[in-house]
Amino acid sequence: MRVISKLLSACVLFAAFFTTVNTWSGEAQPLAADPELEKRVEAVSSELRCLVCQNQTIADSHAELAIDLKNQVREMLRSGKSNDDVVNYMVDRYGDFVRYKPPMKPTTYFLWFGPGILIIVGLFVLMVTLRKRKARIDESPQMSQDDLKKVDELLHSSPGDSKS
Amino acid sequence: MTRFIVPLGIFVVLGFFLYVGLHLNPREVPSPFINKPAPDFKLSQLQDFQQQFSPKDNLNKVWMLNVWASWCVACRQEHPLLVQLKRQQSDLEFFGLNYKDRPEDARNWLAQLGDPYKFSLVDMDGKVGIDYGVYGVPETFVIDKQGVIRHKVIGPITPSIVKDCLTPLTQLLQQDTATDAPEMKKVMKACA
């Protein structure tokens, strides 16, 4: 029963959609009307941080401020501004913090190069440690051929005949 | 001996960073507007839509632009202080920016709780808010005689902010104190 009623309502919705679709023309264009613009809005807003929900981009967020900012992005792009113009506009207002890709400048050098430096330091420490270990092994007293033979005998003999 | 010094050193450094982190507020985004001209706008006054206001009208005046809304809980928290300041005729002159609010709600709010503002401006769609980099209400901008933003308070104003920051800062700005004057630096430190 449930399925049938769902199907029925879907049909009704579908029919309603087609009967109204003609009346739409001439009214405000739905957002999807300009997929090119929407793609750019999406691209720019996924580079901008939502200020009230800081681990989301304004493309992901449904916070009111994020929606307002997205509208602002759309409006600016529609009026012919470039993607960089829009990002710069936001940076002027909210600081570098709004950018998910931080710019390269002296205050962010540590952010950009820190991980690389850590890896290099880590590799260096690893190398030094390994070298030291190898040196310790090399320096340890060598066994003579006789000793080795003895070890071999001991390992391969059964407990009974070790008395010899 | 070094066996202990190295882990201890790492621990101390890590502890230091974590300790500093305890006192930082990740929600506080420093405004890049400090020492930049206040963005221009033209908005209607809340109590009289015919009257328009632009920040240029306030040149040669030290003033505060307080962003508020009737739906904002923290605004309710700071409001009595602003009303009290107005009653005491303090030097601080507050102009309201009614952010993303319904004018009738805003008027009711002021009628109920008192109106501490010279007047409030209607920013219904939040456009001016975006232009000023507002991301939460309340926010308060201190604007000097040249129309330059000198300080921004994020969150509700408290008596200690008024006493240690806003009042001395306003006084210094009224005397056209230079940015790098020692007393100005001292006040800005108290504001930070």
> Would segment A:76-85 turn up any residue that is in the same structural domain as A:Val52 (by TED's automatic domain parsing) and within 23 Å of the chain's Cα centre (by Cα)?
Replying inline: yes
> Just wondering, is there one or more residues in segment B:12-29 that are within 13 Å of chain A (Cβ to nearest Cβ), surrounded by 16 or more Cβ atoms within 10 Å (Cβ to Cβ) and not basic (Lys, Arg)?
Replying inline: yes
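Going by the conditions given, is B:Val62 away from chain A (no Cβ under 14 Å) and at pLDDT 90 or above? Steps first, answer last, please.
On the way: away from chain A (no Cβ under 14 Å): yes; at pLDDT 90 or above: yes.
Spelling it out, B:Val62 is indeed away from chain A (no Cβ under 14 Å) and at pLDDT 90 or above.
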>> Take the residues in segment A:44-57 that are free of Cβ contacts under 8 Å to residues at least 40 places away in the same chain and within 11 Å of chain B (Cβ to nearest Cβ); name whichever of them is surrounded by the most Cβ atoms within 10 Å (Cβ to Cβ).
In response: A:Cys50
> What is the number of the single condition among (1) in contact (Cβ under 8 Å) with a residue 40 or more places away in the chain; (2) within 14 Å of chain B (Cβ to nearest Cβ) that A:Asn71 does not meet?
Replying inline: (1)
> Looking at (1) farther than 17 Å from B:Ser120 by Cα; (2) surrounded by fewer than 10 Cβ atoms within 10 Å (Cβ to Cβ), which is the only condition B:Gln50 fails?
Replying inline: (1)
>> For the structure I just gave you, tell me whether B:Lys100 is of a type outside the set (Val, Ile, Thr) and within 14 Å of chain A (Cβ to nearest Cβ).
In response: yes
> Which one of these does B:Gln84 not meet: (1) under 18 Å from the mean Cα position of the chain (by Cα); (2) exposed (fewer than 10 other Cβ atoms within 10 Å of the Cβ); (3) at pLDDT 90 or above?
Replying inline: (2)
> Residues of segment B:13-32 being of a type outside the set (Asp, Glu), at pLDDT below 85 and either over 22 Å from B:Met64 (Cβ atoms) or in contact with a strand residue (DSSP E or B) (Cβ under 6 Å, 6 or more places away or on another chain) (or both), which ones?
Replying inline: B:His23, B:Leu24, B:Pro26, B:Ser31
>> Could you tell me how many of the residues in segment B:115-157 are more than 12 Å from chain A (Cβ to nearest Cβ) and part of a strand (DSSP E or B)?
In response: 11
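Name the helices (runs of 4 or more DSSP H) wholly inside segment A:57-153 in which the number of residues that are among the acidic types (Asp, Glu) and at negative phi is 3 or more.
Details: elements: A:64-78, A:83-94, A:109-139.
Qualifying helices (runs of 4 or more DSSP H): A:64-78, A:83-94.
The values are calculated or read from the model by the stated rules, or taken from the named source; none is laboratory data. Note that the structure is predicted; figures quoted are calculated from it, not measured. In this analysis, Cβ positions are derived from the backbone assuming ideal geometry, glycine residues included, and neighbour counts consider all displayed protein chains.
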